[in-house]
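Quick notes on the structure that follows.
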Amino acid sequence: MNELAYALVTPYSLSKSRTGGILGRILARTGLRLAGARLYSPSDEFAEAYAATFERSSLEPRIRNAVAQYIREQLIRNNRFKISNRCLLYLFEGPDAERLVREVALGPFGPNPTGDTVRGTYGEYLWFNTGDLPYFEPAALGSTDPKTSREQLKLFADRALTDGGVLERVLPAPAGQDWQTTLVMIKPDSFRQPSVRPGNIMDMFSHTGLSIAAARIVRMNLEQAEAFYGPVRPILLEKKKGSFIEQVRTALKTCLPYEVPQDALERFYDILKERHVGHEFNQIIHYMTGLDAARVPVDRRKEHGPEQVLALLYRGENAIAKVREKLGSTDPRKAAPGTVRSDFGRDITENAAHASDSPENAMRERRIVGLVGDEATSEEADLIRRYVG
């Protein structure tokens, strides 16, 4: 039987760009599916309610008091470190999920966690022989037992709209700087099996120095995907001409004893270009949704496909240019070394990630995937309530 579990990346870990590493560690260690993601900026009331769940948990008194104190000091908006209190909630789905995330991936609270866990790698603790704990950074928070897990998940669902979602307002631009918000989508092949890959891609984008302003798992339907990639069709008409002509030229050499003139091949492309580009366009849609547009009835075009992407908003000065530079060329073979597409892309379609190329396209794409900030419901809250009521 499937369970739902969570991990909450702390504000300190988020500020240190450890977000991708934590995700990769959990996916690789547990084999669970990443089912949801949402950014939170907890109110003082939310932080207090969350801290109180740990005080009622099964942790031994010294640890549970330390965790509760940490939440009250670090997750509030006016926190001791004077950093953004953004936290990133990851939701994981699968058999025995609560125990796997708690024991196998996050690891125990304490001074000597094993190095293969999240807290063993990213947690920082200073303990004195007297039992005092002058410094405590758990890297990521999670449940302590099944009962507490349900209570905490319900709290995240109840606060999803008031304390979470698109958090551009939490990241205001400093005076004199022109900040942008851009959309990044980590594509479906990173999620077909649990691995460190999506986390590694996130880590590469963190090299831009930008801040995450929103996150969510998106399963596109056909209408969304066709609207999202609609501007690509006219570009494909020109880009695919050369490769089409070379493919036809090569094929004809095997069955004709003479060279076909270039102008004849170009006229042939003019005859078939709409059909050819339509096929190429449908291949992109199928890759992003897992749905064959030619086989889906009209009345089911709004149903979500089986493939998923991780949609992220990055915010900061010159965000669009910085992300596009780190992304690399559309063709992974032409992408500069050290870029996302050079390291993780396979071909022009399966090229690891997408990033908006202009402020106008960023807003258009954000509307399509539901990351504008005007949502009336939360898919993450709906997912949680299916498990905990």
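For the reader, a short list of remarks on this structure follows.
- Wholly within region 242-344, helices (runs of 4 or more DSSP H) carrying at least 1 residues that are surrounded by fewer than 19 Cβ atoms within 10 Å (Cβ to Cβ) and of a type in the set (A, V, I, L, M): 262-289, 319-327
- Tally, over region 12-32, of residues that are surrounded by fewer than 21 Cβ atoms within 10 Å (Cβ to Cβ) and within 17 Å of E124 (Cα to Cα): 4
- Strands (runs of 3 or more DSSP E) fully within region 127-220 counting 2 or more residues that are within 24 Å of E55 (Cα to Cα) and not hydroxyl-bearing (S, T, Y): 135-137, 140-142
- Candidate set: region 33-63, residues that are surrounded by fewer than 19 Cβ atoms within 10 Å (Cβ to Cβ) and more than 19 Å from E137 (Cα to Cα); chosen: the one nearest to the chain's Cα centre (by Cα): R33
- Test: residue in region 216-230 that is within 29 Å of the chain's Cα centre (by Cα), touching a residue at least 60 places away in the same chain (Cβ under 8 Å), exposed (fewer than 14 other Cβ atoms within 10 Å of the Cβ) and under 28 Å from K326 (Cβ atoms): no
- Cβ-Cβ under 6 Å pairs, at least 6 apart or on other chains, region 154-166 side within 16 Å of G389 (Cβ to Cβ), far side surrounded by fewer than 17 Cβ atoms within 10 Å (Cβ to Cβ) and not basic (K, R): K154/V388
- Per-region count, region 183-203, residues within 22 Å of L371 (Cβ to Cβ) and among the small types (G, A, S): 2
- Hey, D357 under 14 Å from M185 (Cα atoms), assigned to a loop (DSSP other than H, G, I, E, B), not polar (S, T, N, Q) and not assigned by TED's automatic domain parsing to the domain that holds A35 or not: yes
- Consider region 108-126 and keep the residues that are of a type in the set (V, I, T) and not in a loop (DSSP other than H, G, I, E, B). The one that is modelled with the lowest pLDDT is T121.
- Any hit, region 194-214, residues being aromatic (F, W, Y), outside the structural domain of P108 (by TED's automatic domain parsing), crowded, with 16+ Cβ neighbours inside 10 Å and over 19 Å from A362 (Cβ atoms): no
- Odd one out for S358 among (1) under 22 Å from M204 (Cα atoms); (2) among the polar types (S, T, N, Q); (3) touching a residue at least 60 places away in the same chain (Cβ under 8 Å): (3)
- Breaking point among (1) among the aliphatic types (A, V, I, L, M); (2) under 25 Å from E93 (Cα atoms); (3) not assigned by TED's automatic domain parsing to the domain that holds L383, for L171: (2)
- Meets criteria (touching a helix residue (DSSP H, G or I) at 6+ places or on another chain (Cβ under 6 Å), surrounded by fewer than 17 Cβ atoms within 10 Å (Cβ to Cβ) and either touching a residue at least 60 places away in the same chain (Cβ under 8 Å) or of a type in the set (S, T, N, Q) (or both)) for T114: yes
- Just one of the listed residues (E48, E93) is at pLDDT 95 or above, more than 21 Å from R219 (Cα to Cα) and out of contact with any helix residue (DSSP H, G or I) (no Cβ under 6 Å at 6 or more places or on another chain), namely E48.
The values are calculated or read from the model by the stated rules, or taken from the named source; none is laboratory data. This is a predicted model, so every value here is computed, not measured. For neighbour counting, all protein chains shown are included, and Cβ atoms are generated from backbone atoms with ideal geometry for every residue, glycine included.
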